[in-house]
Amino acid sequence: FMWKADISLAFRRLPVMVAHHQFSTIVFRALSQDWVQEQYICNFGAVSSVWEWHRAGNFIIAVLRQCLLVVAATYVDDYFGAARHTLAWTAGVMLDILCALVGTRCDPQKAANHMFALIVLGSEIMLDLTTKSYVCRVARKKAKKWAKAMRENLKRGGMQAGEAAKHAGRMSFAVTVAADRCGRAYVRMLHRRTFNNVS
């Protein structure tokens, strides 16, 4: 079966090293009074917080794979994988325990265990135990959403560079998932649009 888990408030649960508190102090003025606030957790939106979660997230996935022998993958704070149905302690349970030890926790509302059809990162994976195979495709909701956005761009007769960059990532992902193909060639027009802001 397959499983997935999402770390709850990943960037807001990582502590700042005590020696670094002086570098994460915020000073502001309000109502003619000066205020000083020390941050004890990583600042959401800060580049340093991204690097901090990168280290913490990679530590978690390394322990899962190397120490607990869990078949798992990760994308930022999303974890997913596959496991035998006979396991008493599923990968999701192991991840919950590990995250509690690190100081984070998984979001129970976004967790899924013992799944034979799973949607993760916009892709839908379906297991067929009778043929011992699987089908992978772009999730229908994502496909409809992206197709609608593309139709709106066609009606407008163009798109902004930032929007083109988003669509390039989405379409590259869709081609990889749906057709098992990788490469920029399939979405070269979108990549070209990203660097050329002419409609």
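The alpha-carbon atoms of the range 112-169 define a convex hull whose volume equals 92 cubic angstrom per residue. Seen from Leu118, the other residues with C-beta closer than 9 Å to its C-beta sum to a net charge of 0, counting Lys and Arg as +1 and Asp and Glu as -1. Taking 25 °C and 0.890 mPa s as conditions, the range 64-181 diffuses translationally at an estimated 146 µm²/s according to Stokes-Einstein applied to its Kirkwood radius (Cα pairs). The heavy atoms of Leu101 offer some 140 square angstrom of accessible surface to a 1.4 angstrom probe. Rg/Rh for the range 1-71 stands at 1.16; both radii use Cα atoms, and Rh follows the Kirkwood definition. Sorting Ser49, Ser172 on solvent-accessible area from highest to lowest, probe radius 1.4 Å, gives Ser172, Ser49.
Here's how it looks for Val138: its modeled amide H is under 5 Å from those of Glu124, Ala178, which are all 5 or more places away or on a different chain. With protein chains left intact and a 1.4 Å probe, residues in the chain average 69 Å² of accessible area per residue. When His21, His167 are compared by accessible area at a 1.4 angstrom probe, the order from most to least is His21, His167. With the biggest extent put first, the Cα atoms of the range 1-148 measure 70, 44, 22 Å across the principal axes.
Considering helices alone, the calculated mean residue ellipticity of the chain at 222 nm is -11500 deg cm²/dmol, with DSSP H runs of length four and up weighted by -39500 (n - 2.57) and normalised per residue.
Per-residue 3J(HN,Hα) values for the range 130-137, derived from phi via the Karplus relation 6.51 cos²θ - 1.76 cosθ + 1.60 with θ = phi - 60°, read 5, 9, 6, 9, 9, 10, 10, 8 Hz in sequence order (x marks Gly and Pro). Atom-type composition of the exposed protein surface of the chain places 60 percent of the accessible area on carbon and sulfur (1.4 angstrom probe).
Ordered from largest to smallest accessible area (heavy atoms of protein chains, 1.4 Å probe), the residues Met126, Met2, Met17 come out as Met17, Met126, Met2.
The values are calculated or read from the model by the stated rules, or taken from the named source; none is laboratory data. The structure presented is a predicted model; accordingly, all values stated were derived computationally and were not measured. Don't worry about glycine lacking a Cβ; one is built from the backbone with ideal geometry, like all the others, and counts go over all protein chains shown. Each accessible area value is taken on the protein alone, full model and side chains, heavy atoms only, with ligands, DNA and RNA left out. Shrake-Rupley method; radii C 1.70, N 1.55, O 1.52, S 1.80 Å.
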